[in-house]
Amino acid sequence: KEKKEKENFLTFKDYYNSKNFLKIKNIVKDSYVLPVNIDPAKLIFNDIKVLGGYFQFYPLSFKKNFEEIIKGELDINKSKKNEFDKSGHRLYAFVNNPNDLKINLDKTKEMGAQFVISTIKLNHDDLLSICENCNGQTDIHLYSIN
């Protein structure tokens, strides 16, 4: 019974999935990436630079700048807005509707990101698809910001 229960959990190796992020690292090199609907730790673990993440300490000005990136999404998701306002540690990007992206891509570029990586396909005129279903993973999509 215990063995069967363990089979239902991801291993450390499976969660961080280094083999599948190698292709992405080779594309983005040392550029910054905005992770959307994906745990930024997966990217950080695989030596991919990210905007956002889970931080113990950082300047309040950084949080305010990051908020400008996701403000459009926060405005239509009160639960996420409340979580963002109350939690000082999590700076995560998300989308409510992948066909109506409200992420401020100009601010994203201003803060240094050249790419967006997402667990869902995103549709926006300023995103150029680089790799959909990267390495056969249906939940990894990479875009460059135009």
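From 28, 36, grab the single residue that is touching a residue at least 12 places away in the same chain (Cβ under 8 Å), over 12 Å from the mean Cα position of the chain (by Cα) and within 18 Å of residue 137 (Cα to Cα). Break it down into steps so the answer makes sense when it comes.
Numbers: 36 fails: over 12 Å from the mean Cα position of the chain (by Cα).
Testing whether each residue is touching a residue at least 12 places away in the same chain (Cβ under 8 Å), over 12 Å from the mean Cα position of the chain (by Cα) and within 18 Å of residue 137 (Cα to Cα) leaves just 28.
Just one of (1) modelled with pLDDT of 95 or more; (2) assigned to a loop (DSSP other than H, G, I, E, B); (3) of a type in the set (Gly, Ala, Ser) trips up residue 88, so point out which.
(1)
Can you pull out the residues in segment 93-121 that are open to solvent by 50 Å² or more (accessible area, probe 1.4 Å), without any contact (Cβ under 8 Å) to a residue 40 or more places away in the chain and of a type outside the set (D, E, K, R)?
96, 97, 99, 104
I'd like to check which helices (runs of 4 or more DSSP H) are fully inside segment 9-62 and have at least 2 residues that are within 23 Å of residue 85 (Cα to Cα) and among the aromatic types (Phe, Trp, Tyr).
Values: elements: 12-16, 18-28, 40-45.
Once the helices (runs of 4 or more DSSP H) in segment 9-62 are filtered for at least 2 residues that are within 23 Å of residue 85 (Cα to Cα) and among the aromatic types (Phe, Trp, Tyr), nothing remains.
Given the structure, is residue 43 closer than 30 Å to residue 18 by Cβ, among the aliphatic types (A, V, I, L, M), touching a residue at least 12 places away in the same chain (Cβ under 8 Å) and in contact with a Leu (Cβ under 7 Å, 6 or more places away or on another chain)? Outline the logic, then answer.
On the way: closer than 30 Å to residue 18 by Cβ: yes; among the aliphatic types (A, V, I, L, M): yes; touching a residue at least 12 places away in the same chain (Cβ under 8 Å): yes; in contact with a Leu (Cβ under 7 Å, 6 or more places away or on another chain): no.
It is false that residue 43 is closer than 30 Å to residue 18 by Cβ, among the aliphatic types (A, V, I, L, M), touching a residue at least 12 places away in the same chain (Cβ under 8 Å) and in contact with a Leu (Cβ under 7 Å, 6 or more places away or on another chain).
Looking at segment 122-146, which of its residues are in a loop (DSSP other than H, G, I, E, B), at pLDDT 95 or above and surrounded by 15 or more Cβ atoms within 10 Å (Cβ to Cβ)?
Answer for segment 122-146, where residues must be in a loop (DSSP other than H, G, I, E, B), at pLDDT 95 or above and surrounded by 15 or more Cβ atoms within 10 Å (Cβ to Cβ): 122, 124, 126.
Per-residue answers, yes or no, for (1) within 15 Å of the chain's Cα centre (by Cα); (2) of a type in the set (Phe, Trp, Tyr); (3) within 25 Å of residue 26 (Cβ to Cβ):
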position	(1), (2), (3)
94	yes, yes, no
99	no, no, no
102	yes, no, no
105	yes, no, yes
111	yes, no, yes
114	yes, no, yes
118	yes, no, yes
121	yes, no, yes
127	yes, no, yes
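Among the residues of segment 43-92 satisfying the criterion of being of a type in the set (A, V, I, L, M) and surrounded by fewer than 16 Cβ atoms within 10 Å (Cβ to Cβ), which is nearest to residue 122 (Cα to Cα)? Even if it seems obvious, please write down each step before you answer.
The first filter runs over segment 43-92 and keeps only residues of a type in the set (A, V, I, L, M), leaving 43-44, 48, 50-51, 60, 69-70, 74, 76, 91.
The next check asks that each one be surrounded by fewer than 16 Cβ atoms within 10 Å (Cβ to Cβ); those that pass are 44, 60, 76.
Working: 44: 22, 60: 29, 76: 17 Å.
Only one residue fits best here, namely 76.
Test residue 19 against the criterion of being open to solvent by 20 Å² or more (accessible area, probe 1.4 Å), out of contact with any Pro (no Cβ under 9 Å at 6 or more places or on another chain) and closer than 21 Å to residue 134 by Cβ, and give yes or no. Walk me through how you get there before you give the answer.
Numbers: open to solvent by 20 Å² or more (accessible area, probe 1.4 Å): yes; out of contact with any Pro (no Cβ under 9 Å at 6 or more places or on another chain): yes; closer than 21 Å to residue 134 by Cβ: yes.
Considered against the rule, which asks whether it is open to solvent by 20 Å² or more (accessible area, probe 1.4 Å), out of contact with any Pro (no Cβ under 9 Å at 6 or more places or on another chain) and closer than 21 Å to residue 134 by Cβ, residue 19 comes out as yes.
What are the residues in segment 111-121 that are more than 16 Å from residue 49 (Cβ to Cβ) and not in a loop (DSSP other than H, G, I, E, B), if any?
Residues of segment 111-121 more than 16 Å from residue 49 (Cβ to Cβ): 118-121.
Within segment 111-121, 118 is the sole residue that qualifies.
The values are calculated or read from the model by the stated rules, or taken from the named source; none is laboratory data. Since this is a predicted model, take the numbers as computed values, not measurements. Every residue, glycine as well, gets a Cβ built from its backbone with ideal geometry; the counts of neighbours run over all protein chains shown. Heavy atoms of the whole protein, side chains included, go into the accessibility calculation; ligands, DNA and RNA do not. Shrake-Rupley method; radii C 1.70, N 1.55, O 1.52, S 1.80 Å.
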